[in-house]
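Below is one structure, written out as structure tokens, with a few remarks after it.
The values are calculated or read from the model by the stated rules, or taken from the named source; none is laboratory data. Every value quoted in this text rests on a predicted model; they were computed, and no experiment measured them. FYI the Cβ positions are ideal-geometry reconstructions off the backbone, even for glycines, and counts take in every protein chain you see. Please note that ligands, DNA and RNA were not included when accessible areas were found on the heavy atoms of the full protein model with its side chains. Shrake-Rupley method; radii C 1.70, N 1.55, O 1.52, S 1.80 Å.
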Amino acid sequence: MSIMCTDVEAQPAGANYDESKVPQYVLPDPLTSSDGTRVDSPERWQKRRRPEILKLFETHVYGRTPEPVRRRFKQTSEDKNALGGKATRKEVTVLLIGTDDGPTMDLLLYIPNNAKRPVPAFLGLNFAGNHSVHSDPGIALARCWLRDTKDGSVTNNRATNLGRGKEASRWQIDKLIDRGYALVTACYCDIEPDHADGYKDSLRSIVCPRKSENFVKSAIPPRGAPADAAPDDWGAIGAWAYGLSRAMDYLEKENDIDEKRVAVIGHSRLGKTSLWAGAQDERFAIVISNDSGEGGAALSKRRFGETVERINTSFPHWFCGNFKQYNDNEAQLPLDQHMLIALIAPRPVYVASAEEDLWADPKGEFLAAKRAEPVYRLFALQGLGVSEMPALNQPVGKTIGYHIRSGKHDVTEYDWEQYLDFADRHFKR
Ligand code: GCU
């Protein structure tokens, strides 16, 4: 279990878990442009509607992502004989603003030795440091700020050896290697520590978005953002997504990995992040969100489980200032999360839920995937291919994949098996 997620309850109190109390809601049509015209071709989608929807998410939900600044990459280790000889382990530091004394992100790569290179890869951020994803003692301990844990795996906000392999079940690295995929990961706290003051140690204090055209002085005092932040400046999810794109910059230079076959994946808050990264950066060939819930794959307007108000209150740093206007006011949102999934079209996307994870609203996650289908159809692609939510542990879908697994909020071996099968279908044709 992750240090960030051990205390995630399946059903925090005070939220709606009653389907009969879901309000009536209307979802905006992804295929109707703001001027009322119908989007009837892939070209019109790409040129006109896609940028319009991206802008809606930038303005109202995640904030604007700045243009990338100069970055550099430094390989710090390589072991061609890792995992009993079946993989090559590399560690690479991304100098996020190009200078040795600036912020860094430490990438960990496992590349299969018995597969034809360049190989396809899964890329995802981890919660507890690179050393937590496998018990391999050769992985460097994470250097970033981490939240203290009771078991001593993080003490005084620093990782200790007790955290080695602690999250291994969530990454299934041996399985990935055996199936011919590389794994690339970095700790999300390298980019921004996950707490309301984390922006002080984040790129968000250094790299500023372009001056906003949408600047409206916010009535809401900025918590979780620099004091001079505009209401549509990026939040932590935007910064984490930026980190994924910088990892992708490195993969474009890494000869052993095929940059055209990189799936971006994330769990929970990092599933929200993988969707936002995949929506913006079309280099991600597959996008996977595992139990991403509110602000991820789940529809906000349904008000089932976590709501906009709850997420903005508990995590004031995740979204942009403008998103707070929709606290208890989801009906006014000019978008919903089906449009985020639609931004990934025509690339394959996979949404996964867990039965006991009602806080994340499994049905809302399914419905968002379903309501993204018309955009896939525009590209003559079949999305989910079903009209009702499937039974437990029955994966469905062609270009949009979906399953609801039995059990709780987590990433399990079962989830990975579905993602690997999905990636095989799209990457190994
Ligand atoms: C909390 C939060 C969710 C988030 C989850 C996680 O439960 O309310 O929105 O997805 O943490 O990241 O584990």
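Looking across segment 50-73, just one residue is open to solvent by less than 10 Å² (accessible area, probe 1.4 Å) and over 30 Å from residue 102 (Cα atoms), and that is 53. Take residue 363 and tell me if it is of a type in the set (D, E, K, R), part of a helix (DSSP H, G or I) and out of contact with any Phe, Trp or Tyr (no Cβ under 8 Å at 6 or more places or on another chain). In short, no. Scanning segment 243-261 for residues that are under 22 Å from residue 192 (Cβ atoms) and either part of a strand (DSSP E or B) or not aromatic (Phe, Trp, Tyr) (or both) gives 243, 244, 245, 246, 247, 248, 249, 251. Given the criteria away from the ligand (no atom under 16 Å from the Cβ), out of contact with any Asp or Glu (no Cβ under 7 Å at 6 or more places or on another chain) and among the hydrophobic types (A, V, I, L, M, F, W, C), does residue 225 qualify? It is false that residue 225 is away from the ligand (no atom under 16 Å from the Cβ), out of contact with any Asp or Glu (no Cβ under 7 Å at 6 or more places or on another chain) and among the hydrophobic types (A, V, I, L, M, F, W, C). Residue 288 - would you say it is at negative phi, hydrophobic (A, V, I, L, M, F, W, C), within 12 Å of the ligand (Cβ to nearest atom) and open to solvent by less than 10 Å² (accessible area, probe 1.4 Å)? When the stated conditions are applied, residue 288 does not pass them.
Annotation note: of 340, 244, 335, 299, the sole residue that is farther than 22 Å from residue 368 by Cα and open to solvent by less than 20 Å² (accessible area, probe 1.4 Å) is 244. Looking at this structure, is residue 314 under 24 Å from residue 411 (Cα atoms), open to solvent by less than 10 Å² (accessible area, probe 1.4 Å) and within 13 Å of the ligand (Cβ to nearest atom)? In short, no. Going through (1) over 21 Å from residue 145 (Cα atoms); (2) touching a residue at least 24 places away in the same chain (Cβ under 8 Å) one by one, residue 92 falls short only on (1).
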